[in-house]
Each structure stands twice: as C-alpha cells, then as structure tokens.
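**Student:** Supplied in structure tokens, the structure appears directly below.
Every number here is computed from the coordinates shown, using simple stated rules; none is lab data. Please read all numbers here as calculations on a predicted model, not as lab measurements. Cβ placement follows ideal geometry from the backbone for every residue including glycine, while neighbour counts extend to all protein chains displayed.
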Amino acid sequence: MMSCDTEFYYSWNESWASEPFYNSHQIQQVMKRVSMVIYSITLVLGTTGNGLVIFHTGFRMKKTVTTIWYLNLAMADFIFALSLSSEIVYTALDYHWILGRLMCKFDAMVTFLNMFASIFFLTAISADRCISVMCPVWALNHRNLRLASFMAVGIWVAALALSLPYLSFRDTKPLPDGFVECIYSFGSEDDGELRTQRHFSVVMIEFTVGFLIPSAIISACYYAIVIKLRGSCFGHFGRSFKIIAAVVLVFFCSWFPYHLFSILETLEDDSLGMEKTLNIGAPLAHGLFCLNSCLNPLLYTFVGTGCKATNNQSFLSSFKGAFSENWVPRAFSSSRNSSSAVESTVV
C-alpha cells in the first residue's frame, strides 16, 4: 500500500480504476508559488513600463490621435498592474484576505475594468486604422483629437459600466479557522440553480462583449486593410502597424485561456479529470492575462527594430517611435481628394 506522503496516489472509483494524479494540496502550493512570481513580475514591469508610456505619451510627445489611444491603453494596464499588490499580499498570506470587504470588491472590479478597457481601446485603434485606409478623405477631414478624446471617455464609461456589477459578485467569506477568503459569490447555497445561471450569464457576457465581438471587429478591420493594400503594398507595412498587430495578437493569446477556463468552471462536472484541469489550468490562465499588462511596453520597444536598441538613446527613440503616426498614408498631407495616392503608400 502506498504511503499518503508519496507524490502520486491512486483513486479507485466506480469504474474500478482511474489514472494516478497529483495530490491536490501539492498542486495548490506549486500554483501559489507560480502565481506569486507572475504577480510580482507584472507589478514591477507593468507599473514601470506603462508608467513610462504614460509619461512620454502624456507629457513628452506631441498629442495625436495615436498617442491618445496608447496613453489610455497604458493607463488601463498601469491601474491593473498596481492593483496586483493586493493579490500578492493575499497569496503570500496563504489566501487570507486582510484588506477588508470593500477592497475585495474593488479588486475584482479593477480586473474587469482593465479587460474591457484594453480590448475596447484595441478595437478603437484597429477601427481608426481601417477607416484611415478605407475612407482616407473622410478620415482626413474628421479624424481629430477632439473626436478621439470623446471616444476615449466613452470607452472608459462603457468599461466601467460593465465592471461595476462585479462589486456585487465579489465578497469576503470568514472561515472557521479564522481565515477570510475573498471569493466570487453568485448567490447563497440555497439559491441552487439560480446561482449557476447567474455565474454562466456573467461568464458569457465577459466572453461575448469582452472577447468575441471585439475580436470579430478587429479581425474584420485588418482583413479589410490587407485586401485594400494587397499587391505592391502588401508586406511593406510600417513599424507602427506591426506593433499594434503584435499587441492585438498577444492580447488574444493572453485572454483566451482565461475565458476558456471560465466557461469550464460553469460546467457541472465534478469528475477527476476536470478537477485536475481546473486546479492547474485556471491559475496559469489567470497568470497569463496578468502578464499581458506588462508586455505591451516591451512590444513597443522591440517589435520591428530587430532588437537593436543597445543604448539608452536608441532605446527611448525606439520606444517613442512606436507611437508615431507613420502608419497614416503620406498622401494625407499632400492630397485631400486622391484616394488612389493613399492606396499606393505604406501603412
């Protein structure tokens, strides 16, 4: 008979034999350490990198439509990265919440404020570039700082409105051993099916509004751009275009696992396989979307440069160059009415 201290042990169910699996407590301890490392990296790099973006786009560079988009995107990531300090404390104390009920609720709201704001600003950037290519004359006459600023405010209002309900879905839960958990609660134990329906509805709204619809719009925008500029222009996209394409791709790769595991958690599946999948996959998915908040400044610096920023001057030059308007067709400045000239330039 195997000792209970062994790394693996067997669980025999009604099918007589199941596969060996890791001790759940050991899994939780390993994933706790992994989460601590990810949170710490995101806090340091996210606040530093996005703080640098905010400083340059907000105070050092000439204000343009592009800098407005990137400034607000960096603000969303900066706020989220800073909020991870509470998660670090929570995890370090073995999931004992000491910051009070209000901070527990606020912590959840900030997470989804970042998600909705980030994807909405990426959608706005993609739509802005698509309109500039597909309707250059209209863009020349109407694409201005005032419109971009109004849209930025509207995005923040929409993201906040979608995030506020999480204030009611997150709460503290005292345990018999004196610990206090900060958990999602979609109803009491007596609510039964109603609680399950609420959970499923929230997850589907997250997935649909915060991922599926924006990803469809963004994909359509870049497909339209590629089709419009096919031929001699295809393959000659400017650095700024490559950067936003990389940012969008990284965002999708970072957030899709989270949405996938969120959907899996709504399924009423108590099988051993599902338990193992969620115990390992859910923390990793959560860590992956956390890392997304510190990756954008790295993409701004190195995408399209061949990683040649070897000194401080070239590093900052590469960094600030990411926010230029050089993706806008040069014909904008020389011909208001010639869309054919626009199509012949590089995005």
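**Student:** At R0 = 30 Å, how high is the FRET efficiency between LEU298 and MET274 if r is their beta carbon distance? Nearest 0.05 is fine.
**Tutor:** It comes to 0.30.
**Student:** Let me ask something else. To the nearest 0.05, how large is the calculated FRET efficiency for VAL34 and LEU160 if R₀ is 35 Å and r is the Cβ-Cβ distance?
**Tutor:** Working from the Cβ atoms, E equals 0.70.
**Student:** Could you work out how far apart the two model spin labels at ILE183 and ILE217 are, taking each label as a point 7 Å from the Cα in the direction of the beta carbon, and quote it in nm?
**Tutor:** For the pair ILE183/ILE217, the computed spacing is 3.6 nm.
**Student:** Going by C-beta contacts inside 10 Å, put ASP107, ASP94, ASP171 in order with the fewest on the left.
**Tutor:** Fewest-to-most ranking of ASP107, ASP94, ASP171: ASP94, ASP171, ASP107.
**Student:** Tell me, what is the FRET efficiency for GLU265 and ARG146 to the nearest 0.05, using R0 = 45 angstrom and their Cβ-Cβ distance as r?
**Tutor:** With a Förster radius of 45 Å, E is 0.55.
**Student:** At 7 Å along the Cα-to-beta-carbon direction for both SER85 and ILE205, put a label point, then send me their distance in nm to one decimal.
**Tutor:** The two pseudo-label positions are separated by 3.0 nm.
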